[in-house]
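All remarks here apply to the structure that follows.
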Amino acid sequence: MPTKPRFALYMQDKHPLAYELEMAEYAESRGFSEIWQADTRLARDCVVMMSAFLTRTKRLRVGSGVLPIWTRNAAVIAATWSTMWELGKQVSGDPDAPSRVMLGLGAWWEPIASRVGVNRTKPLKAMREYVEACRQLFTMEEVTYEGEFVKLDRVKLDVVFGDLRPRDIPIYIGATGDKMLELAGEICDGVVLNYVVSVDYIRRAVALVEQGAAKAGKTLDQVDRPELLVCSLSDEDPAAAMFEGKKLVAYYLATEPHIMKASGVPEDLIQRVQSVMGWPATEAEYLAAAKVIPDDVVRSLMAVGTSDECVAKVQEYIDAGVTCPILYPMMDDIKPVVDAFAEAYSL
């Protein structure tokens, strides 16, 4: 019998801060295992929100989904996650429990990177260096690292009065492209698979992760594979849930068409959406673009509709190799999403 999947929530900036903290507590009470906080846009900072989630929960694991590597020095990243590692243990009251924090790293995206002066050159090489350097720093030993993007000269996490044990912090790459997926399988504890993608895309992505794992002498089972997964759920108004899903698909068609192409979205639809929507987009542009997107495209990219429809769709992604659906609720009320999956999987 297959292992029961873990379930997580994904938070961006759709919901009020206080409500997100309340929902983290609620998800924990219903058996969810973790929560991932976005940091891909200039909206909410993942470190601030992760720290808040750690203080409001006792058991939930908390991850960055995902932190752009270009925004922080590798040593600063390691020190930040080391601090959250200590915080999670102290709040839970069990110093010997496994890490409650996860480090998810990403290569960022356009057009935001270039607009803030970041040159995303050689992202694969840069990502490898950041992962390797952070992992070495988590040993709490002195590290010297001479890379093209990461340079450390006899650096260690300078903890004097706190916990000096190595940090058992798993490292993930948020990966979409083929080479980054392989790299995640090769050098990381896990990969954060992207959202607004088809089930067929996930199957291909998991195969690429497995290829990367094989390079390092690992099996696929040794690489965690959580996936961000949009869930636009409403038993009372499935049509409204569909329209919310269309607005998000419109955003991805306009700003990250490479992901849409990977999922088989027709080129002419991508062009039609891009003709009415830019970045940053206005609410009017979202609405205009959403009106040209067919229902079947939305259903192919996310869980949308009633509770039963959403649960069935998420199961397709699990069957394709996802180990932990990270559900991104699109409706204002998050509780029905938590309840639907807690009940369907007896969490």
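The values are calculated or read from the model by the stated rules, or taken from the named source; none is laboratory data. Small disclaimer: the values here were computed from a predicted structure and weren't measured. Here Cβ is always computed from backbone atoms with ideal geometry, including for glycine, and neighbour counts include all displayed protein chains. Surface accessibility is based on the protein's heavy atoms, side chains included, excluding ligands, DNA and RNA. Shrake-Rupley method; radii C 1.70, N 1.55, O 1.52, S 1.80 Å.
Just a few scattered comments:
- The residue of region 18-29 that is farthest from residue 255 (Cα to Cα), among those that are surrounded by fewer than 20 Cβ atoms within 10 Å (Cβ to Cβ) and out of contact with any Ser or Thr (no Cβ under 8 Å at 6 or more places or on another chain), is 29.
- Unmet criterion (only one of (1) open to solvent by 30 Å² or more (accessible area, probe 1.4 Å); (2) touching a Leu at 6+ places or on another chain (Cβ under 9 Å); (3) at pLDDT below 95) for residue 161: (2)
- In region 184-198, the residues that are open to solvent by 10 Å² or more (accessible area, probe 1.4 Å) and in a helix (DSSP H, G or I): 186, 187
- Among (1) hydrophobic (A, V, I, L, M, F, W, C); (2) exposed (fewer than 13 other Cβ atoms within 10 Å of the Cβ); (3) within 30 Å of residue 22 (Cβ to Cβ); (4) at pLDDT below 95 - the single one residue 48 does not satisfy: (4)
- Unique match (being within 18 Å of the chain's Cα centre (by Cα), among the hydroxyl-bearing types (Ser, Thr, Tyr) and on the phi < 0 side of the Ramachandran plot) among 71, 80: 71
- Across region 301-345, the number of residues qualifying as without any contact (Cβ under 8 Å) to a residue 24 or more places away in the chain and in a loop (DSSP other than H, G, I, E, B) comes to 1.
- Annotation: residue 32 fulfils all but one of (1) open to solvent by 10 Å² or more (accessible area, probe 1.4 Å); (2) assigned to a loop (DSSP other than H, G, I, E, B); the unmet one is (1).
- Which numbered condition residue 15 misses (of (1) touching a Leu at 6+ places or on another chain (Cβ under 8 Å); (2) open to solvent by less than 20 Å² (accessible area, probe 1.4 Å); (3) part of a loop (DSSP other than H, G, I, E, B)): (1)
- Pairs where the first residue, in region 225-254, is more than 25 Å from residue 203 (Cα to Cα) and the second is in a helix (DSSP H, G or I) and of a type in the set (A, V, I, L, M, F, W, C), C-beta under 7 Å, 6+ apart: 234/240; 234/241; 243/290; 247/290
- Selection within region 88-103 - part of a helix (DSSP H, G or I) and open to solvent by 10 Å² or more (accessible area, probe 1.4 Å): 89, 90, 91, 92
- For region 108-130, filtering for residues that are small (Gly, Ala, Ser), within 20 Å of residue 74 (Cβ to Cβ) and at pLDDT below 95 leaves 2.
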